[in-house]
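Worksheet: the structure to be examined is printed underneath.
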Amino acid sequence: MKKTAWIAAAFAALVLGYVVISSFRTQPFRCRVCITFKGNRDCRTASGETREQAVRTAVMTACAQLSGGVTESNQCENTPPDSLEWLRGN
């Protein structure tokens with residue numbers, strides 16, 4: 001095997017290892033957010049290193065289901081949530 005192939009394989013293994021390890025790491029904050037946008041409602045759960053990160057991730061995930069396109073997505077993400085519930089554990 002060529003040296004470049006070994007380097008590429010090692011890089012791929014490192015990236016895969018990082019993804020696996022980071023997906024099992026527990027996040028200290030977890031919440032459930034419900035948003036109504038253009039007459040449709042969606043609730044999503046997310047976790048994050050900070051409260052703000054957890055809320056932002058939940059809002060973005062809910063808005064991905066409710067909006068179509070970048071403009072609507074931005075409008076939805078600026079809509080105040082109907083509810084915000086803090087959850088325990090992961």
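The values are calculated or read from the model by the stated rules, or taken from the named source; none is laboratory data. Predicted model only: the values in this text are computed from it and were never measured. So basically every Cβ, Gly included, is an ideal-geometry build from the backbone, and we count neighbours across all protein chains shown.
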Residues of segment 60-79 being in a loop (DSSP other than H, G, I, E, B), without any contact (Cβ under 8 Å) to a residue 12 or more places away in the chain and on the phi < 0 side of the Ramachandran plot, in sequence order, are G68, N78
Residue pairs qualifying under the 9 Å Cβ cut-off, at least six apart or on distinct chains, with the first in segment 15-27 being of a type in the set (S, T, N, Q) and the second being modelled with pLDDT under 80, are T26/G89; T26/N90; Q27/N90
A careful count of residues in segment 33-59 that are outside any helix (DSSP H, G or I), free of Cβ contacts under 8 Å to residues at least 40 places away in the same chain and within 12 Å of the chain's Cα centre (by Cα) gives 4
Within segment 26-53, the residues that are farther than 30 Å from E72 by Cα and either loosely packed, with under 10 Cβ neighbours inside 10 Å or of a type in the set (A, V, I, L, M) (or both) are T26
